[in-house]
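The values are calculated or read from the model by the stated rules, or taken from the named source; none is laboratory data. Please read all numbers here as calculations on a predicted model, not as lab measurements. No Cβ is skipped: glycine too gets one built from the backbone with ideal geometry, and neighbour counts run over all protein chains shown. Only protein heavy atoms, including side chains, enter the accessible area calculation; ligands, DNA and RNA are left aside. Shrake-Rupley method; radii C 1.70, N 1.55, O 1.52, S 1.80 Å.
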Amino acid sequence: MAPGLNTTPDECTTALALTKDGPAPTLYQGEDQNTLVEKSRKFLLGFGSSIHDEIIVGTAGLYFYTARGQRLLDWTSGQMSCLLGHGHPEIVKTIADHAMYLDHTFSGMVSPPVVNLAERLCNMLPEGLDRAMFLSTGGESNEAAIKLAKVYTGKFEVVGLGASWHGVTAQAVGAQFHFGRSGHGPLMPGTLMLPAPNAYRSVFRKYDGSYDWEAELDYGWRMIDLQSCGSLACCIVECIQSSGGMHVLPPGYLRALKRHCEKRGMLLIVDEAQTGVGRCGDFMAINHEGVVPDILTLSKTLGNGLPLSAVVTSDDIHRVSRDKKFFFYTTHLNDPLVAAVGDKVLEIVDRDDLVRHAREVGHVLHAGLHKLMSRYGCVGQVRGRGLMAGIEIVTDRESKHPASDLAKRIGDKAFDYGIWANLSTHPSFGGVFRIAPPITISAEQVEQGLEMLERAFAETEGSLPLY
């Protein structure tokens, strides 16, 4: 029986222990791979991305299990979300208890899990992030944050960064420049773009060849000012542009961005969908730079795979926007079941010192990836922080030409050897592996994954071995 399905916490713990090196969860054991693939092609509506050939029939701990009987070390936390791993026994118990006794309420009602989560989250965040609301997805939380900024400022123009990904709802996708803008008619009016801070490929260079992000950022804002009609409301940014290739904002960039916003009477929104709740070795990525945004959004990691997101802002923005009749009301606003899960996630992260753990084990991951780079010339750059990393695959380091086909072949080989790392194949960025395992991963499991990757690189033609 799969952990979390009609199991007690003790049974779930036992099941997780077994699946570490033992048999797969058995909920869908015996399902035929080919039949499931055929049915998926017949009945599922396309959503703009190809579906992986393998059917996943089970999850447990740090692993996926396929219909073919393969076990895969999950180095993407599902969709970058299962922060504590799949089927964590305390999360399973929280879900079961609230499914039984306190699952869903009228949106205008308040329940203890929602109040407790708001209190715990705001107390763990810097002063100035004082009030929270809870929604379902990252796109939804960014939609609400942008609307909140527009109501508060009385303005409508929104600035995003090239390579950004903030969701697929109207205002979120309007501020998103990595993908998804074409083919659907006009986007929200007043969306403007700053250059993507890409230290590896930017043309903005100092005399010594180093990346001149300050000149690039100043140039970007000059272009924004020329395009603006004088109604700049907010700027939204990720501290690590994950979908865009795992690019980390340069040190000082976020603080400079806030100064630019303050100069123009704008709000700064930071989207911590993937970086938040310990992933990068700080509780929030904003803590690394000591910058407090006007609005913070969370999703993915907060719900450990369940649909839970948050918008957090100041008392002042709350007061003014309330008086201006800010409105964002959804069916699953402040739902108790997922709020209880979010509160449990924060409790576990704090209690088990997982932020420090992510930072320390992240050093092991990055050391291993840099070792891989020293051995294979197709690795153009390793980047990231904590347990969030990217590996860019190129034809050679001199030209930096993207090698998407080579990256796919390496990824397929790694999959065969038992490790799953998401491959960003959008042509504007080439092949970039995005790595973000659950932060409960051990150093030993990181080393195991690195060994599988090493084998995949070694046995893929064109990886350019250097030894």
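A few notes on this one:
- Any hit, region 243-251, residues being open to solvent by 10 Å² or more (accessible area, probe 1.4 Å), within 19 Å of residue 118 (Cα to Cα) and of a type in the set (S, T, N, Q): no
- Some residue of region 305-320 being touching a Phe, Trp or Tyr at 6+ places or on another chain (Cβ under 8 Å) and over 24 Å from residue 239 (Cα atoms): yes
- Residue within region 325-342 that is farther than 20 Å from residue 116 by Cα, touching a Phe, Trp or Tyr at 6+ places or on another chain (Cβ under 6 Å) and not aromatic (Phe, Trp, Tyr) present: no
- Taking region 25-117 and the strands (runs of 3 or more DSSP E) fully enclosed by it, the elements with 2 or more residues that are touching a residue at least 12 places away in the same chain (Cβ under 8 Å), under 19 Å from residue 423 (Cα atoms) and hydrophobic (A, V, I, L, M, F, W, C) are at 71-74.
- Output for region 58-80, where each listed residue is of a type in the set (Ser, Thr, Tyr) and open to solvent by 10 Å² or more (accessible area, probe 1.4 Å): 59, 63
- Evaluation of residue 151 against the conditions (1) closer than 30 Å to residue 369 by Cβ; (2) out of contact with any Asp or Glu (no Cβ under 8 Å at 6 or more places or on another chain); (3) among the hydrophobic types (A, V, I, L, M, F, W, C); (4) assigned by the TED database to the domain that holds residue 334 shows that the sole unmet condition is (1).
- Out of 136, 111, 182, sole residue that is more than 25 Å from residue 343 (Cα to Cα) and of a type in the set (S, T, N, Q): 182
- Residues in region 356-410 that are free of Cβ contacts under 8 Å to residues at least 40 places away in the same chain and of a type in the set (Gly, Ala, Ser): 4 in all.
- Top-ranked residue in region 209-241 [being of a type in the set (D, E, K, R) and either out of contact with any strand residue (DSSP E or B) (no Cβ under 8 Å at 6 or more places or on another chain) or under 27 Å from residue 273 (Cβ atoms) (or both); ranked as most open to solvent (accessible area, probe 1.4 Å)]: 222
- Under the condition of being open to solvent by 50 Å² or more (accessible area, probe 1.4 Å) and aliphatic (A, V, I, L, M), the residues counted in region 156-186 number 2.
- Considering (1) buried (at least 18 other Cβ atoms within 10 Å of the Cβ); (2) in contact with a Phe, Trp or Tyr (Cβ under 9 Å, 6 or more places away or on another chain), the lone condition that residue 199 does not fulfil carries the number (1).
- Test: residue in region 272-280 that is closer than 17 Å to residue 77 by Cβ, in contact (Cβ under 8 Å) with a residue 24 or more places away in the chain, part of a helix (DSSP H, G or I) and open to solvent by 10 Å² or more (accessible area, probe 1.4 Å): no
- Sub-9 Å Cβ pairs linking a first residue in region 120-135 that is within 15 Å of residue 285 (Cα to Cα) to a second residue that is in a loop (DSSP other than H, G, I, E, B) and of a type in the set (Phe, Trp, Tyr), at least 6 apart or interchain, are 124/283; 125/283, ordered by first then second residue.
- Annotation: residue 200 fulfils all but one of (1) touching a strand residue (DSSP E or B) at 6+ places or on another chain (Cβ under 9 Å); (2) within 20 Å of residue 293 (Cα to Cα); the unmet one is (2).
- Consider region 69-120 and keep the residues that are among the hydrophobic types (A, V, I, L, M, F, W, C), over 12 Å from residue 306 (Cβ atoms) and outside the structural domain of residue 329 (by the TED database). The one that is farthest from the chain's Cα centre (by Cα) is 72.
- Single condition residue 289 does not satisfy, out of (1) at pLDDT 95 or above; (2) open to solvent by 30 Å² or more (accessible area, probe 1.4 Å): (1)
- Region 190-220, residues that are part of a helix (DSSP H, G or I) and free of Cβ contacts under 8 Å to residues at least 40 places away in the same chain: 215, 216, 218, 219, 220
- Contact annotation: residue pairs with Cβ atoms under 7 Å, 6 or more positions apart or on different chains, pairing a residue in region 145-169 that is in a helix (DSSP H, G or I) with a partner that is among the polar types (S, T, N, Q), are 145/297; 146/171; 147/171; 148/313; 148/321; 151/321; 152/321.
- Options 51, 55; residue that is open to solvent by 70 Å² or more (accessible area, probe 1.4 Å) and in the same structural domain as residue 442 (by the TED database): 51
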